[in-house]
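Below: one structure, written as structure tokens.
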Amino acid sequence: MGVYTVTQEQWQEVMGNNPSFFRDEKNLPVESVPWDDCQGFTKKLREKDKKLYRLPTEAEWEYACRARTTTPFHFGQTISTDQANYNGNFTYGNGKKGVYREKTTPVGSFPANSWGLYDMHGNVFQWCQDWHGDYPQNDVVDPTGAEKGKLRVLRGGSWLINPEYCRSAYRLGTEPGYRFHDFGLRVCFFVE
């Protein structure tokens, strides 16, 4: 799993463009990317680096986000704007109001989870490989989601919205061609 979300510089190097709305600082996450374009990015990255890059499955994303925790956030029962970039005008649980930055922040600006992954909560929603659908009703090892659908999964929350959407378990379904300035990506690769 990528330690950070994909940055604008990384996207520019692979795709030759920068679709992002926010461009005023170095090392910002790429955003305004639809799922379809993320597939193009991972394909070009595979061709360039000869590694099997892809978007994480929804199950992989949540497992990596939680880092063996069972709380709503990998750092506990609530969240603060010292821990993640989200709309601090809203609270979760016993949390307090905080800063609303009104834009993305450079990747890695907030503490990593215990597995060293940054920005698993907030900053930009992260596209997953899966179709959005119901969870299986029985125990499944490494599930891959629905086989078909109209919506793709986004996880992690963003700078724009309230902290409820940043929870480890929150799932958002959106059309794969939709782009918005809080949609980004994190890539993973696997070894054969």
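Derivation of every value follows stated rules applied to the coordinates shown; laboratory data play no part. All values reported here derive from a predicted model rather than from experimental measurement. Note that we place each Cβ from the backbone using ideal geometry, even for glycine, and neighbour counts take in every protein chain shown.
Could you go through the stretch 22-29 in sequence order and give the Karplus-derived ³J(HN,Hα) for each residue, using 6.51 cos²θ - 1.76 cosθ + 1.60 with θ = phi - 60°, rounded to whole Hz, and x for Gly and Pro?
For the stretch 22-29, the Karplus curve yields 8, 9, 8, 9, 7, 6, 7, x Hz.
How big is the stretch 76-188 in terms of Cα radius of gyration and Dmax, in angstroms?
14.6, 41
Volume per residue, Å³, of the convex hull around the alpha-carbon atoms of the stretch 1-56?
Convex hull volume per residue, Cα atoms: 81 Å³.
Using the beta-carbon distance between E9 and E164 and R0 = 25 Å, what value does 1/(1 + (r/R0)^6) give for FRET efficiency, to the nearest 0.05?
0.20
Under 5 Å between amide hydrogens, which residues at least 5 positions from L172 or on another chain qualify, with H placed 1.01 Å from N in the peptide plane?
HN-HN under 5 Å from L172: L154.
Please give me the summed charge of the neighbours of N89: other residues whose Cβ is under 15 Å from its Cβ, Lys and Arg +1, Asp and Glu -1.
+2
May I ask for the equivalent-ellipsoid semi-axes of the stretch 1-104, computed as the square root of five times each C-alpha gyration tensor eigenvalue and listed largest first in whole Å?
Largest first, the stretch 1-104 gives 29, 19, 10 Å.
Which distance in Å, rounded to a whole number, links the C-alpha centroids of the stretch 1-16 and the stretch 94-131?
Spelled out, the Cα-based centre of one part sits 16 Å from the other.
Tell me the label-point distance for the pair Y100, D82, using the 7 Å Cα-to-Cβ offset, in nm and rounded to one decimal.
Label-label distance for Y100 and D82, simple model: 2.2 nm.
Efficiency by 1/(1 + (r/R0)^6): what FRET value for Q137 and T71, r their Cβ-Cβ distance, R0 = 25 Å, to the nearest 0.05?
0.55
Any idea how far apart N17 and F180 come out in nm if each label point goes 7 Å out from Cα toward Cβ?
Output for this residue pair reads 2.1 nm.
Per residue of the stretch 122-135, in order, report the coupling 6.51 cos²θ - 1.76 cosθ + 1.60 (Karplus, θ = phi - 60°) as ³J(HN,Hα) in whole Hz, putting x for Gly and Pro.
Whole-Hz 3J(HN,Hα) from phi for the stretch 122-135: x, 6, 9, 4, 10, 5, 10, 5, 6, 6, 7, x, 5, 5.
Given K44/K150; K50/K148; K51/K103; K44/K148; K26/K48; K26/K97, which pairs have Cα atoms separated by over 30 Å?
Exceeds cut-off: K51/K103.
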